[in-house]
1. I'd like the carbon and sulfur percentage of the solvent accessible area for the stretch 1-64, probe radius 1.4 Å, heavy atoms only, ligands and nucleic acids excluded.
2. Could you go through the stretch 22-28 in sequence order and give the Karplus-derived ³J(HN,Hα) for each residue, using 6.51 cos²θ - 1.76 cosθ + 1.60 with θ = phi - 60°, rounded to whole Hz, and x for Gly and Pro?
3. Taking a 1.4 Å probe, which of LEU23, LEU67 shows the most accessible area, and what order do the others take after it?
4. Figure the gain on full extension for THR19 and TRP36 (residue separation times 0.36 nm, minus the Cα-Cα span) and round it to one decimal in nm.
5. List the residues whose amide H sits under 5 Å from the amide H of HIS79, counting only those 5 or more places along or on another chain, with H placed 1.01 Å from N in the peptide plane.
6. Could you check the spin-label model distance between ILE44 and VAL78? Points 7 Å from the Cα along Cα→Cβ, value in nm.
7. Can you give the accessible area per residue of the chain, in Å², using a 1.4 Å probe?
8. Just one of (1) 50, 24, 18; (2) 39, 24, 20; (3) 48, 35, 28 is Cα extents along the principal axes in Å calculated from these coordinates, so which is it?
Amino acid sequence: MGCGRYVDDYKAPENAARTGETLAAALLGQMHKGAWGTSVRAGIIGEIGCQAAWTPMEQRVMEGAVLAVQQSEAALTVHPGRHP
């Protein structure tokens, strides 16, 4: 199972105030303790969604995902945006 945040339209409103560091901590918690209130631990970071052009929140989410990868060495999956 993966942990991550998709494009802006699917993000919880509280993510707007999070930093890359706090997003990384949330991802790492889902990998080490359990995801979304369960004991099921994520084994991959993603799918991280991006639009073209990136929104500021999507950029922070990607920063958090990269920080989590650096701290865990987990794989990262990204759904890149496509420019029309």
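The values are calculated or read from the model by the stated rules, or taken from the named source; none is laboratory data. In this text, all values refer to a predicted model and were calculated from it rather than measured experimentally. Here the Cβ is made from the backbone with ideal geometry for all residues, glycine too, and neighbour counts use every protein chain on show. Just the protein is used for accessible areas: all its heavy atoms, side chains included, with ligands, DNA and RNA removed. Shrake-Rupley method; radii C 1.70, N 1.55, O 1.52, S 1.80 Å.
1. Carbon and sulfur together cover 55 percent of it.
2. Here the 3J(HN,Hα) series is 6, 5, 4, 4, 5, 5, 5 Hz.
3. LEU67, LEU23
4. Here the segment from THR19 to TRP36 would lengthen by 4.2 nm.
5. For HIS79, whose amide H was placed from the backbone, the distant partners under 5 Å are ILE48, GLY49, CYS50.
6. My value for the distance between the label points is 1.6 nm.
7. 60
8. Derived directly from the coordinates: (2).
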